[in-house]
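All remarks here apply to the structure that follows.
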Amino acid sequence: MSLQITVRKAVCPGSFDPVTNGHLDIIGRAAALYDEVVVAVLINKTKSSLFSVEERLALLTDVTASWPNVRIDAFHGLLVDYCRANEIPVIVKGLRAVSDFDYELQMAQMNRGLAGIDTLFMPTNPEYSFLASSLVKEIATYGGEVSSLVPEVVHERLLARIEENRRR
């Protein structure tokens, strides 16, 4: 009789432009539930991003270093294809509001129908329920205070990038 050990894997997908404390809340909570969590950065060449994919991967690697079971990767195309190729049966998504649920439920049902991939919805910590990367970028661009919304290293890079863009 052989003992078969199954590694419980999940993916937390997103653009992470930039990664916020809300993202880290979901990633950390997923890391407590699964043996391996892959944080997968979507490569979308049609979308204008503040940070390159490589920069986002580096920032995510830095800010998730305290979770040894978290791995950082990038993907393009369909998330379900990435999940199949990496034998990941679960997608973890954070939900901020009911409006998130409407869209994410459709995606979850489509992913289940296409590939048998399940989705775990995690409500965000109320402290981060308003938080979105797009808002962080907009507020920071206009000089607003965002240091409590992102990790320190991300805050430093965010301000530096905004300054670089102003000089152009």
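The values are calculated or read from the model by the stated rules, or taken from the named source; none is laboratory data. Keep in mind it's a predicted model, so treat the numbers as computed, not measured. Cβ atoms come from the backbone with ideal geometry, glycine included; neighbour counts cover every protein chain shown.
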- Task: Could you list all residues from segment 41-57 that are out of contact with any Lys or Arg (no Cβ under 9 Å at 6 or more places or on another chain) and either at pLDDT 95 or above or not basic (Lys, Arg) (or both)?
- Result: Leu42, Ile43, Asn44, Thr46, Ser48, Ser52, Val53, Glu54, Arg56, Leu57
- Query: If we scan segment 125-147, do we find a residue that is in contact with a helix residue (DSSP H, G or I) (Cβ under 9 Å, 6 or more places away or on another chain) and within 24 Å of Lys9 (Cβ to Cβ)?
  - Reply: yes
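Looking only at residues in segment 98-125 that are touching a residue at least 24 places away in the same chain (Cβ under 8 Å) and assigned to a helix (DSSP H, G or I), which one is nearest to Ala32 (Cα to Cα)? Talk me through it step by step, then tell me what you get.
Step one: list which residues in segment 98-125 are touching a residue at least 24 places away in the same chain (Cβ under 8 Å), which gives 111, 114-125.
Of the ones still in play, those that are also assigned to a helix (DSSP H, G or I) are 111, 114-115.
On the way: Asn111: 24, Leu114: 28, Ala115: 25 Å.
Among those residues, the one meeting the criterion is Asn111.
Collect the residues in segment 84-97 that are under 27 Å from Leu135 (Cβ atoms) and either more than 19 Å from the chain's Cα centre (by Cα) or of a type outside the set (D, E, K, R) (or both), keeping them in residue-number order. Show your work before the answer.
Narrowing segment 84-97 to residues under 27 Å from Leu135 (Cβ atoms): 91-97.
Listed by number, the residues that qualify are Ile91, Val92, Gly94, Leu95, Ala97.
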- Answer with yes or no whether Ser147 is among the polar types (S, T, N, Q) and part of a loop (DSSP other than H, G, I, E, B). yes
- Restricting segment 90-110 to residues that are surrounded by 16 or more Cβ atoms within 10 Å (Cβ to Cβ) and touching a strand residue (DSSP E or B) at 6+ places or on another chain (Cβ under 7 Å), which is nearest to Val7 (Cα to Cα)? Val90
- Message: Give me the helices (runs of 4 or more DSSP H) completely within segment 8-87, filtered to those with at least 3 residues that are free of Cβ contacts under 8 Å to residues at least 12 places away in the same chain and buried (at least 21 other Cβ atoms within 10 Å of the Cβ), ordered by residue number.
- Response: none
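For every residue, the table says whether it meets (1) under 17 Å from Ser49 (Cβ atoms); (2) under 15 Å from the mean Cα position of the chain (by Cα); (3) modelled with pLDDT of 95 or more.
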site	(1), (2), (3)
Ser99	no, no, no
Met107	no, no, no
Ala132	yes, yes, no
Lys137	yes, no, yes
Glu152	no, no, yes
Leu158	yes, no, yes
Arg161	yes, no, yes
Arg168	yes, no, no
